[in-house]
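All remarks here apply to the structure that follows.
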Amino acid sequence: MIDLHTHSTASDGTFSPEELVYLAKKEGLQALALTDHDTIDGLEIAYQIAQKENLPFLCGVEISIQFNGPGHFHLLGYFLHPQIPEINTTLVKLKKAREERNKKIIEKLNSLGIKITLEELKNIAKGEIGRPHIAYLLVKKGIVKTFEEAFEKYLKKGAPAYAPKALLSPQSAINLILAAKGAPILAHPFTLKLSYFELEKYLRTLKDFGLIGIEAYYTEHNPDFTKFLINCAKKFDFLITGGSDFHGKNKPDIKLGKGFGNLKVPFECYEKLKNFLEKFS
Ligand code: AMP
Ligand code: ZN
Ligand code: FE
Ligand code: FE
């Protein structure tokens, strides 16, 4: 069992980077990657503890990308080492964009008569603030009953308190990761919400941009879709990766390494990705 897609308190997970590595050890994972949203702040400590614990570990990040289609586009970047100076400036910009966006969401919620402040959010989040923290606060305040309801009623794209944030284009994000000697991988392709035909066409475009791989194994992919992605990977010579998108208590149904229970990411995915990074750097 391995897991190459996880979140810590550096973004919107509820386990600290340290706790995540210890949990991976306890659960018997054979390899782990930490892939927080738009930040690499958790990597250094996770890397060190993984080394101490003899757990094969890759450094990662998950970046939100501009996408004009129906769904949303997340790009994973994988690296051998936790210091990635080439991407710092961009991550600082993304952090600012996120802060601007959070302010707008708070303003919109306030104008809907919901009292919520940035201070309250800062008390909940240990790292970057994201919509899950806002959802958590709305539940805590009794404004909605569930996390899902918070997204449905207020926070999802098109909902009354939604605010967009400035995003990188697919090309610029792929180039950024390649320039840092990393591997750009398309995260959870199902969230693009494209048909099989359209997705295959788009994968060809992404290949031309320099995409290295696709996340074929994912908590919410059904076996047919995973098979389709593996075939696409053969066709376009992509690496295949996989992970659960573990967020701890923010997504309580998703278990580390296991997803909803039947996720099984082959160890080979880790080995091939690591080999690629070693040859590349
Ligand atoms: P943000 O980075 O602030 O845009 O928030 C992204 C996080 O919100 C990701 O972890 C998503 O899984 C989560 N998220 C996005 N849409 C929903 C939704 N409809 N229901 C629950 N969680 C969501
Ligand atoms: Zn998240
Ligand atoms: Fe994602
Ligand atoms: Fe994720």
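When you check K249 against the structure, is it among the basic types (K, R) and in the same structural domain as G77 (by TED's automatic domain parsing), yes or no?
It is true that K249 is among the basic types (K, R) and in the same structural domain as G77 (by TED's automatic domain parsing).
Sort out which residues of the stretch 77-99 are touching an Asp or Glu at 6+ places or on another chain (Cβ under 9 Å), of a type in the set (A, V, I, L, M) and either more than 13 Å from ligand 1 (Cβ to nearest atom) or free of Cβ contacts under 8 Å to residues at least 24 places away in the same chain (or both), and write them in order of number.
Across the stretch 77-99, the qualifying residues are L80, L91.
When the residues of the stretch 173-212 are filtered to those that are surrounded by fewer than 15 Cβ atoms within 10 Å (Cβ to Cβ) and part of a helix (DSSP H, G or I), which remaining residue is nearest to ligand 1 (Cβ to nearest atom)?
Out of the qualifying residues, it is E198.
Collect the residues in the stretch 145-172 that are free of Cβ contacts under 8 Å to residues at least 24 places away in the same chain and surrounded by 19 or more Cβ atoms within 10 Å (Cβ to Cβ), keeping them in residue-number order.
A150, F151
When E215 is evaluated against the numbered criteria (1) in a strand (DSSP E or B); (2) over 25 Å from L277 (Cβ atoms), which criterion, by number, is the only one it fails?
Condition (2) is where E215 drops out.
Only one of (1) assigned by TED's automatic domain parsing to the domain that holds A180; (2) under 19 Å from the mean Cα position of the chain (by Cα); (3) within 30 Å of I2 (Cα to Cα) fails for E148. Which number is that?
Here E148 meets the rest and fails (1).
So which helices (runs of 4 or more DSSP H) are wholly in the stretch 61-149 and hold at least 3 residues that are closer than 14 Å to K165 by Cα?
85-111
Could you please find all residues in the stretch 107-136 being hydrophobic (A, V, I, L, M, F, W, C) and over 21 Å from A97 (Cβ atoms)?
The answer is L112, I114.
Within the stretch 9-27, which residues are of a type outside the set (F, W, Y), more than 14 Å from ligand 3 (Cβ to nearest atom) and not in a helix (DSSP H, G or I)?
T9, A10, T14, S16, E27
If you go through the stretch 247-259 one residue at a time, do you hit one that is in contact (Cβ under 8 Å) with a residue 24 or more places away in the chain, within 16 Å of ligand 1 (Cβ to nearest atom) and of a type in the set (A, V, I, L, M, F, W, C)?
Scanning the stretch 247-259, I find at least one residue that is in contact (Cβ under 8 Å) with a residue 24 or more places away in the chain, within 16 Å of ligand 1 (Cβ to nearest atom) and of a type in the set (A, V, I, L, M, F, W, C), so the answer is yes.
Table: residues versus (1) within 16 Å of ligand 4 (Cβ to nearest atom); (2) modelled with pLDDT of 95 or more; (3) within 16 Å of F238 (Cα to Cα); (4) over 18 Å from the mean Cα position of the chain (by Cα).
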{"site": "Y162", "(1), (2), (3), (4)": "no, yes, no, yes"}
{"site": "S169", "(1), (2), (3), (4)": "no, yes, no, no"}
{"site": "A173", "(1), (2), (3), (4)": "yes, yes, no, no"}
{"site": "A179", "(1), (2), (3), (4)": "no, yes, no, yes"}
{"site": "P184", "(1), (2), (3), (4)": "yes, yes, yes, no"}
{"site": "A187", "(1), (2), (3), (4)": "yes, yes, yes, no"}
{"site": "Y202", "(1), (2), (3), (4)": "no, yes, yes, yes"}
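Of the residues that sit in the stretch 129-144 and are more than 16 Å from ligand 3 (Cβ to nearest atom) and among the aliphatic types (A, V, I, L, M), which one is surrounded by the fewest Cβ atoms within 10 Å (Cβ to Cβ)?
That would be V139.
Out of the residues in the stretch 14-53 that are among the charged types (D, E, K, R) and in contact (Cβ under 8 Å) with a residue 60 or more places away in the chain, which is surrounded by the most Cβ atoms within 10 Å (Cβ to Cβ)?
Applying the first criterion (among the charged types (D, E, K, R)) to the stretch 14-53 yields 18-19, 25-27, 36, 38, 41, 44, 52-53.
Imposing the further condition that a residue be in contact (Cβ under 8 Å) with a residue 60 or more places away in the chain reduces the set to 27, 36, 38, 41.
Values: E27: 14, D36: 25, D38: 23, D41: 20.
The residue in question is D36.
Those residues that are among the small types (G, A, S) and at pLDDT 95 or above, I need them from the stretch 65-96; list them, please.
Correct list: G77 only.
Which of the residues belonging to the stretch 236-281 are surrounded by fewer than 18 Cβ atoms within 10 Å (Cβ to Cβ) and in a loop (DSSP other than H, G, I, E, B)?
Those that are surrounded by fewer than 18 Cβ atoms within 10 Å (Cβ to Cβ) and in a loop (DSSP other than H, G, I, E, B): D237, P252, D253, F260, G261, N262, K264, P266, S281.
The values are calculated or read from the model by the stated rules, or taken from the named source; none is laboratory data. Values in this document were obtained by computation on a predicted structure and should not be read as measured data. Note that each Cβ is placed from the backbone with ideal geometry, even for glycine, and that neighbours are counted across all protein chains shown.
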